[in-house]
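The values are calculated or read from the model by the stated rules, or taken from the named source; none is laboratory data. Owing to the predicted nature of the structure, the values given are computational and were not obtained by experimental measurement. Backbone-built Cβ (ideal geometry, glycine too); neighbour counts: all protein chains shown.
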Amino acid sequence: MKAIVRDRYGSADVLRCIEVPRPAVGPEQVLVRVHACSLNFGDRVALRGEPTFIRLFWGLRRPRVTILGRDVAGTVVEVGAKVTRWQPGDEVFGEMDQRGFAEYVAAPADHLARKPAGVGFEQAATLPVAATTALQALRLGGVTAGSRVLVNGASGGVGTFAVQLAVDLGAQVTGVCSTRNAELVRSLGADVVDYTREDFTRGDRSYDVVLDLAGGHRLAALRRVLAPGGVYLSSSGAGGRVLGPLPHLLKVTALGAVTRPRLRVVAARRDTADLDHLATLVAAGRITPVIERTRPLSEAADVFRALDTDHARGKIVLTVG
Ligand SMILES: NC(=O)c1ccc[n+]([C@@H]2O[C@H](COP(=O)([O-])OP(=O)(O)OC[C@H]3O[C@@H](n4cnc5c(N)ncnc54)[C@H](OP(=O)(O)O)[C@@H]3O)[C@@H](O)[C@H]2O)c1
């Protein structure tokens, strides 16, 4: 099968589209013929091995897993001996532990959700990491109808879902993005703060929930824009080359334990019930994945290369076969 393979950390230049053996299927796995996969911020982190502390987990000198890719949607073609839930022909999507940028992936059966007929493979492939993170973050923040929500980084993969999910809940949403994405974020139902012209932490508006997907602001400034009882949610965002956002996240965790207003770290977890819910929202037209680009798997390196110079806008999908 074809797969996007790298044998060292680096830029997009280390990626090759080559033939590799199909993965063997374990007793609790199914073999999925991948039709679409999507890129996440984390794939770029894994490609570069930066911030470098992540190499403690993913391989110190070189990556232990050579095929990147977490979000996949496809068709089950083979099931392991202990799998009763799936059968060949089932259309599924889910978050892998990597190895998704390939024609086939051996997926743990319990990582998968059923793709509704009304949701395309490309749409389904956008949901696992980004939409789940957005959904779980809004839940952590207790967002309900009427909540004033600010999403910093509203135009990216997670942000475009967070804006739509918060609007769907009846929240009043403000999205922070750059000028080129202002119209997109407005079209999703949010008021826009263009960060190239205005710093939202210096404005006079306050929010019940600040979901920070971009970083770059001091905690003291962020706390100033929280309404009484408000909550600041940090995903990860910016940081140095070695530790990345870790110092910020540790500070949020430590201060979050002892201070008011509340400060929380978003640590999204794989959850197939959430995937079912998200797919239902897509099928009903209540949210629509923002897909900036769709390219064949073989062009994965070019897509990663482009992201070195341009920020992502919504999701980028790779199609297979
Ligand atoms: N905690 C978790 O479980 C979890 C899971 C998934 C992702 N994340 C984190 O969530 C963050 C966002 O992920 P993503 O997949 O949405 O990334 P993404 O698709 O690359 O989007 C990032 C967005 O941030 C915007 N941006 C860049 N600089 C900004 C600034 N100074 N102010 C406001 N917006 C800015 C960019 O848009 P413009 O061009 O408009 O600037 C871009 O669209 C990442 O830090 C990622 O690590 C966490």
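Side notes on the structure shown:
- Under the condition of being more than 12 Å from the ligand (Cβ to nearest atom) and in a loop (DSSP other than H, G, I, E, B), the residues counted in the stretch 168-183 number 3.
- With respect to (1) surrounded by 19 or more Cβ atoms within 10 Å (Cβ to Cβ); (2) touching a strand residue (DSSP E or B) at 6+ places or on another chain (Cβ under 6 Å); (3) within 22 Å of His35 (Cα to Cα), the lone exception for Leu281 is condition (2).
- Complete set of residues in the stretch 302-321 that are out of contact with any Asp or Glu (no Cβ under 7 Å at 6 or more places or on another chain) and charged (D, E, K, R): Asp302, Arg305, Asp308, Asp310
- Residue check for Arg241: touching a Lys or Arg at 6+ places or on another chain (Cβ under 9 Å) and among the charged types (D, E, K, R): no
- When each of Arg205, Arg186 is tested for being in contact with a Ser or Thr (Cβ under 8 Å, 6 or more places away or on another chain), modelled with pLDDT of 95 or more and more than 11 Å from the ligand (Cβ to nearest atom), the lone residue that passes is Arg205.
- Of the residues making up the stretch 124-147, just one is under 30 Å from Phe57 (Cα atoms) and away from the ligand (no atom under 16 Å from the Cβ), namely Ala124.
For (1) within 16 Å of the ligand (Cβ to nearest atom); (2) touching a residue at least 24 places away in the same chain (Cβ under 8 Å); (3) under 30 Å from Pro245 (Cα atoms); (4) surrounded by fewer than 19 Cβ atoms within 10 Å (Cβ to Cβ), each residue gets a yes or a no:
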| residue | (1), (2), (3), (4) |
| --- | --- |
| Arg22 | no, yes, no, yes |
| Cys37 | yes, yes, yes, no |
| Leu47 | yes, yes, yes, no |
| Pro88 | no, no, no, yes |
| Glu103 | no, yes, no, yes |
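- Scanning the stretch 93-114 for residues that are closer than 27 Å to Trp58 by Cα, outside any loop (DSSP other than H, G, I, E, B) and more than 13 Å from the chain's Cα centre (by Cα) yields Phe93, Ala102, Tyr104, Val105, Ala106, Ala107, Pro108, Ala109, Asp110, His111, Leu112, Ala113.
- Any hit, the stretch 123-137, residues being farther than 16 Å from Lys315 by Cα and of a type in the set (Val, Ile, Thr): no
- Residue satisfying all of: in the stretch 115-131; of a type in the set (A, V, I, L, M) and part of a loop (DSSP other than H, G, I, E, B); surrounded by the most Cβ atoms within 10 Å (Cβ to Cβ) among these: Val119
- Each residue in the stretch 290-314 was checked for being within 15 Å of the ligand (Cβ to nearest atom) and within 15 Å of His35 (Cβ to Cβ), and 1 pass.
- When the stretch 253-269 is filtered for residues that are under 18 Å from Phe93 (Cα atoms) and buried (at least 18 other Cβ atoms within 10 Å of the Cβ), only Ala268 remains.
- Set side by side, the residues Gly10, Gly42 differ, and just one is under 22 Å from the mean Cα position of the chain (by Cα) and assigned to a loop (DSSP other than H, G, I, E, B), which is Gly10.
- Single residue of the stretch 161-183 satisfying the filter (free of Cβ contacts under 8 Å to residues at least 24 places away in the same chain and in contact with a strand residue (DSSP E or B) (Cβ under 8 Å, 6 or more places away or on another chain)) that is farthest from Pro289 (Cα to Cα): Thr179
- Of the criteria (1) surrounded by 17 or more Cβ atoms within 10 Å (Cβ to Cβ); (2) under 20 Å from Ala12 (Cβ atoms); (3) within 15 Å of the ligand (Cβ to nearest atom), which one Asp274 fails: (2)
- Screening the stretch 217-235 for residues that are assigned to a loop (DSSP other than H, G, I, E, B) and touching a strand residue (DSSP E or B) at 6+ places or on another chain (Cβ under 8 Å) and picking the one that is nearest to the ligand (Cβ to nearest atom) gives Ser235.
- Verdict on Gly89 being outside any strand (DSSP E or B) and out of contact with any helix residue (DSSP H, G or I) (no Cβ under 7 Å at 6 or more places or on another chain): yes
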